[in-house]
Structure formats: structure tokens, C-alpha cells
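Enquirer: Can you keep this structure in mind? I'll have questions shortly.
The values are calculated or read from the model by the stated rules, or taken from the named source; none is laboratory data. Quick caveat, the model's predicted, so the values are computed rather than measured. Note: ideal-geometry Cβ built from the backbone for every residue, glycine included; neighbour counts use all protein chains shown.
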Amino acid sequence: MKILLVEDDNPTALVLSEVLSAQYYTVDVATDGEIGLDLATTWEYELILLDLLIPKVDGISLCRQLRAKGFQKPILLLTVKDARADVVKGLDAGADDYVTKPYDLSELLARIRALLRRGETNLSPNLLTWGRLAVNPVSAEVRYGEKTLSLSPKEYGLLGLFLRNPQRVFSRSDIIDRLWSIDASPSEGAVTNLIKDLRQKLKAAGMTADLLETVYGLGYRLKAAPSGEPDATSTGGHTWDELEKRQSTGQLKKTTTGKKDKNFASINKVLERYRNTFAARLVVLEQVGEALQMDKLTEELQQAASHEAHKLAGTLGSFGYETGSRLAQTIEQLLTREAPLGKTALPQLQTLIANLKHELTKPAKPLTAQPLEPIKIPRILVIDQDEAFTQQLKSDAFAWGLQVETAASLRDAVQRIQQITPGAVLLSLQAANKDEIAMLLDFKQQFPDLAILVISEEDSLTDRVTVSRLGVRRFLYKPITSAQVFESIAQVLPKPPAADAKVMILDDDPIVLDALSLLLQPWGLQVKILQDPRQFWNVLTATTPDLLVMDLEMPTFNGIDLCRVVRQDPKWGNLPILVVTAHTDMESIQQVFAAGADDFISKPVVGPELVTRVISRIDRSRLQQELETMKRRIGA
């Protein structure tokens, strides 16, 4: 994946480039806003890292211009400033997230990964596979069967490019654009050599089939995986169980962390090389002190020193000097006061500079690789005598980010559940006879919290009623496709609670705001309240809520107006909206739904009704996003 970094501080830009390259990203660097705008509108990038204070065109202005030109990829702001107003401006300009300098590089990488997988869910596959070939994007590990492949960053990027886009044809120039930085400018022959080198390494690992096919006159495309070869999720290849076992025993961590440690060693060399230059960058700060002492401080010198302190605050923190970064921030605040700097500030300035110099004599905190989180794959226990059907489910489960286990009967399932802890059980019933119903009842009593789906040979209302009385979550009947089965399973799998969800409430009555907030907060919801409709858009984009609750009648802009505004925007078009209104006549309700609201709540608001509607709407919205993501992955 290709990232554009817009950063005017050379040490910071170099270190970030090294860090991102170590994570197998391709990085282009722009040193000012004009270059950044030119590159972003000329080339294709998956993400932009954008410093807030850059020359020529500042970060917020650049962000606005990019969004105005239709740039839809994630933008992550890098800024020393953490004031609320600056954060709101950045997000309102179209940024997706921000990181305040000094930032921890591991946290920055985590935020980058989160933005790059925007729209994906926990049900999405954690591996990219082709037959017995498996790529773990989290650890950057590549395996063919039992063998681990050592690929160069370009080879790894090429492999990931085709596995993520299995139907797409890439020309040589397309590949160059995505895998090489602007400065490299390789010939198309470099792509041919890269493909040849990747093919040789795959062949050396035992792969007999060719991964890529040449499309005459167009470029290259991923071939269909060989049907006779067991895939990476089967027992003949690289299984989920293997990954989990290797991670829990530390084997995977040892293999991949060793590679990362080498990369971080090269990054630490860059850190060490620039560490010795920081003291020299304090010269302009010392010049301010000298000018103050002689009453010759100019506005230009003070601004230059403020800018230098700003850059040092961000750079030092990223280089492992957290205390030095805080000192530089204090100096910047001192130099950016509205009143001109007078002699009374001289002792404080000299002390800060002396302390900063002292900090730079200490060794920096080295950067180390972070341990990997274990891969967690939801398991589904299938109890069905139809071997062809269960085998098809096993084969298709990976595309849905699931793992299918089997049991011969309900009795066998009891023991199997204790071993694997499934997220759901799919039970086949030939007919809802008394013996089977009694066994199902006993099973449900043993595992009351386990989601059970029943699949029958025929659709019978009697059977539906019988199993529904036992608490079965879904009733399915054959013939049925594996996609339909997995879609139903996705609907009943345990999901993260709505406790981490954000709800924005808009009402011009402060009493109503307090009342609604008090009703929702005990359920773990994060509540943002707003009384002034004129601030609606700024607060909406800064809060990024999971659900919006707003009053129908308000001054300046009413609920109908704001519903329409939300639905007009591509980013917010699917945001769940609940309208609170005292007008429940047919005409008012029709207007509410015509404007784009999902539901309405009548005044006076009943607490349980509000909580139920809010949580169910959030859960439904998240489920819909999960299903859409999975359908895109399997090409449905």
C-alpha cells in the first residue's frame, strides 16, 4: 500500500519513512502543501499522513482542497497542537483522524492500520490466501504450506496487491505507481524482474502452479487458485489452529518479530544519526535570549524561534525524548503569546533551553517491535449428517472470517463445545419429532447463552413454532446456499456491546438534553449533547457518532432540515437518525421519514423505549455494515 507523507521537518519525515517502509508500505514525501496537493491529485495513495503546520498550504487548507477535489481515501493529521478548536477544524476539513505530537510510533502505526481497514469488521478474514499460500497482513508473514517465505518489501507488496484485488488487471505502470516511490522512477523492466523473482521464490517453496497470468496488452492478473490443491485453511495447509497454536507458543512471534527487530534496528540508526543534530537546532532559540537581553528581539526572529520550537516538540517526542518534547512545547507557548516577549520572560526561557540541552545529552528511548495480538476466529459448530453440505460450509467459511467445526450428534456436541467454545451452533433436524425436541431442549438448558440455528429439510410452520419456543435464534431450511447460512450466522454471533458507541443528541431545550443524556449514559453509551443547531455540522463531524437523536422543532434549523443535510452527504448518508417529536399526526410523521429519519420517538420520552430503540438501531447499523463488507469480499 502506498502512503503520502506531507511533512516539512526532514528528520521526522525520514524516520517516519523508515518506520513505514519497515511495515512494507511504500512512501512518498512532500515537504510542503503545494507539493502534497500535486502528488495527491496526480498519483494514487491509500492514505495521507498530513502535518498541520506545513509551508505554502497549511494542513487544514490542504485537507479541504483534497476533499473538494473528490479525494476519498483516509487522511490522518499529525499535529503538535491539541486544542479542541484545532481538532475540530481538522476533522471538519475532512480529516478522518488525528495524532498529537509527540506520538508513540506503535500507536501511530495502529491508527494507520485502523484507517486502512476502514469499513472492515472482525468477521473479515485475517489472512490473504491462494491455495496453500497464506499472507498474514498483521505480522507480514508469508507461508506456503509449512514453509515460511522471506520476501523483499517489493515482493511482499506485489503479492498483497494481487491477493487483495483478485479480479483486477494491473499494468506495469499501475504496479510501479503502487510499489515504488516517486523518487525511484524504475523502468517497466523492473516490474518484469520483480514478478520473475516472486515466481522463483514461490517455486522454491514448493508451489507448482503459477500465481499470475499475463493478460496480453494489458498487464497481469491473479489466476484462480488450483482446485485440486488443499487451501490454506484446510488440514493440508496453513490452518487457523496452526496460527493460533504458533502464536500462543511464541513460535510465530519469534519468526516475525526477528524480522521486525532488524527493521527497527535500521530505524534506530537513523534516530541515533539525527540525535546529534538536535543541539545545533537550538541556536535560533538561544538567539532569542540574546536578543531579549539587548532589547533587540524582532517579530521575525520570535516567529522563527516559535516555528523551530514547534518542530522540535514533535520531532523529539517521536525520537524518544518525551521530556525534551514537553520542554519544547513550553518554549513554543512562551514564544506564541499575544503580548510581545519582554525581558521578564528571559530567566524562564534560559532555564527551559538549558533543561532542553541537558535532556539531549541523554540516550533516546529505542524503538522496539510490539508483540502480536493473537488471531481470533469465530468458530461455528455444525451438527449435520450431510457430509457434502458440511464440507461446503468448511470450504466457504474462510471467506466469511469463520471456522467450521463438526459434530455427529447433539451428544457429541456437548463434549466438542467444551473443547472449542463456539460462537454459534448450526443444528440439522430431519423432523421435529419428540426425541429430537427433547434432546434440543436439554441441550439449550445446558448452554442457555449459546446461539442456536436450526436447519430443516422442509419449511413447516409447526416446526418453526416448536423450535422458536425453545429459544432457537434462526430457522433455516434446505435447499440453502452457504452464503445464506453464513449471513444468518453473522446475525446471531455475539457482537461487541454498544457500550463503545457514540450518540449525539441535538435539542434546543437544555432540560431535555440532560434528561436524555442521563437515560443513555448508564448503558455505557458515550453521549455528546448540543443545544445550538447552528453548530450542528461542526460538532457532527468532530464527534463522528454512531447514532443521532434530534428534536423536530428547533430555531434556525429544524430536525427536517438537518435530516436532509445529513442524507445529502455521502459520508453520513447511512447514519441512523431518531427524531424526537411531540407531533405524532400522520402528516408530521410522513415528513420525518421523507426527510430521511430512521425512526421517531414521541414526547414525553419513555426511558426504556428510548434505550431500546437507540441500542437496537446501533446494533442493526453495525450488522448491516458487517454484511455489506462480507458480501464485497466474496463478490456477492
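Enquirer: Mind checking whether some residue in segment 392-402 is modelled with pLDDT of 85 or more and in contact with a Leu (Cβ under 9 Å, 6 or more places away or on another chain)?
Expert: There is at least one residue in segment 392-402 that is modelled with pLDDT of 85 or more and in contact with a Leu (Cβ under 9 Å, 6 or more places away or on another chain).
Enquirer: Since PHE557 meets every condition but one in (1) aromatic (Phe, Trp, Tyr); (2) under 21 Å from VAL592 (Cα atoms); (3) in contact (Cβ under 8 Å) with a residue 60 or more places away in the chain, which condition does it not meet?
Expert: For PHE557, the exception is condition (3).
Enquirer: Further, regarding this structure: Tell me, which helices (runs of 4 or more DSSP H) lie completely within segment 460-543 with 2 or more residues that are assigned by TED's automatic domain parsing to the domain that holds THR421?
Expert: The qualifying helices (runs of 4 or more DSSP H) are 461-468, 482-492.
Enquirer: What about ILE455, is it out of contact with any helix residue (DSSP H, G or I) (no Cβ under 6 Å at 6 or more places or on another chain), more than 30 Å from ILE529 (Cα to Cα), surrounded by 14 or more Cβ atoms within 10 Å (Cβ to Cβ) and modelled with pLDDT of 85 or more?
Expert: yes
Enquirer: What's the total number of residues in segment 414-448 that are in a helix (DSSP H, G or I), free of Cβ contacts under 8 Å to residues at least 40 places away in the same chain and not small (Gly, Ala, Ser)?
Expert: The qualifying residues number 18.
Enquirer: Given (1) at pLDDT below 90; (2) part of a helix (DSSP H, G or I); (3) over 26 Å from the mean Cα position of the chain (by Cα), where does VAL580 come up short, assuming only one miss?
Expert: In the conditions (1) at pLDDT below 90; (2) part of a helix (DSSP H, G or I); (3) over 26 Å from the mean Cα position of the chain (by Cα), VAL580 misses (2) alone.
Enquirer: Only residues that are modelled with pLDDT of 80 or more and of a type in the set (S, T, N, Q): list them for segment 492-522, please.
Expert: SER517
Enquirer: Here's something else I'd like to know. Could you give every pair whose Cβ atoms fall below 7 Å, whose first residue belongs to segment 14-29 and is farther than 13 Å from GLY157 by Cβ and not assigned by TED's automatic domain parsing to the domain that holds SER181, and whose second residue is in a loop (DSSP other than H, G, I, E, B) and of a type in the set (Asp, Glu), counting only separations of at least 6 or pairs across chains?
Expert: LEU16/GLU7; VAL29/GLU7
Enquirer: Scan ASP197, ASP210, ASP183 and give me the residue that is at pLDDT below 85, among the charged types (D, E, K, R) and either more than 24 Å from the chain's Cα centre (by Cα) or not in a helix (DSSP H, G or I) (or both).
Expert: Matching residue, one of ASP197, ASP210, ASP183: ASP183.
Enquirer: Need pairs with beta-carbon distance below 7 Å; first residue at positive phi and within segment 307-327, second surrounded by fewer than 24 Cβ atoms within 10 Å (Cβ to Cβ) and in a loop (DSSP other than H, G, I, E, B); sequence gap 6+ or separate chains.
Expert: GLY320/ALA364; GLY320/LYS365; GLY320/PRO366
Enquirer: Give me the pairs, please: first residue somewhere in segment 449-469 and touching a residue at least 40 places away in the same chain (Cβ under 8 Å), second residue anywhere and outside any helix (DSSP H, G or I) and surrounded by 14 or more Cβ atoms within 10 Å (Cβ to Cβ), beta-carbon distance under 6 Å, and either six or more positions apart or on two chains.
Expert: ALA451/ALA424; ALA451/ARG473; ILE455/SER428; ILE455/LEU476
Residue-wise test of (1) closer than 15 Å to MET504 by Cβ; (2) modelled with pLDDT of 80 or more; (3) acidic (Asp, Glu).
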residue	(1), (2), (3)
THR543	yes, yes, no
LEU548	yes, yes, no
THR584	no, no, no
PHE593	no, yes, no
ALA597	yes, yes, no
LEU623	no, no, no
ARG633	no, no, no
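Here's the yes/no breakdown for (1) closer than 17 Å to ALA501 by Cβ; (2) crowded, with 18+ Cβ neighbours inside 10 Å:
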site: LEU513; (1), (2): no, yes
site: ILE529; (1), (2): yes, no
site: PHE536; (1), (2): no, yes
site: ASP546; (1), (2): yes, yes
site: MET554; (1), (2): no, yes
site: PRO576; (1), (2): yes, yes
site: GLY596; (1), (2): no, yes
site: VAL606; (1), (2): no, no
site: VAL614; (1), (2): yes, yes
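Enquirer: If we keep just the residues of segment 77-94 that are hydrophobic (A, V, I, L, M, F, W, C) and out of contact with any helix residue (DSSP H, G or I) (no Cβ under 6 Å at 6 or more places or on another chain), which is modelled with the highest pLDDT?
Expert: Across segment 77-94, the extreme among qualifying residues is LEU78.
Enquirer: Another question, if that's okay. Restrict the check to segment 504-520 and report whether at least one residue is among the β-branched types (Val, Ile, Thr) and either closer than 30 Å to ALA93 by Cβ or touching a strand residue (DSSP E or B) at 6+ places or on another chain (Cβ under 6 Å) (or both).
Expert: Within segment 504-520, one or more residues are among the β-branched types (Val, Ile, Thr) and either closer than 30 Å to ALA93 by Cβ or touching a strand residue (DSSP E or B) at 6+ places or on another chain (Cβ under 6 Å) (or both).
Enquirer: When you go through LYS89, LYS56 one by one, which is the residue that is basic (Lys, Arg), crowded, with 18+ Cβ neighbours inside 10 Å and closer than 26 Å to SER325 by Cβ?
Expert: LYS89
Enquirer: Could you check segment 45-65 and list, in sequence order, the residues that are more than 20 Å from LEU14 (Cα to Cα) and in contact with a strand residue (DSSP E or B) (Cβ under 7 Å, 6 or more places away or on another chain)?
Expert: LEU62, CYS63
Enquirer: Just checking, how many residues over segment 1-13 are in contact (Cβ under 8 Å) with a residue 24 or more places away in the chain, under 26 Å from LEU161 (Cβ atoms) and over 19 Å from the mean Cα position of the chain (by Cα)?
Expert: So the count comes out to 2.
Enquirer: Additional query: Check GLU272, GLU290 and return the single one that is surrounded by fewer than 21 Cβ atoms within 10 Å (Cβ to Cβ) and at pLDDT below 75.
Expert: None of the others qualify; the one that does is GLU272.
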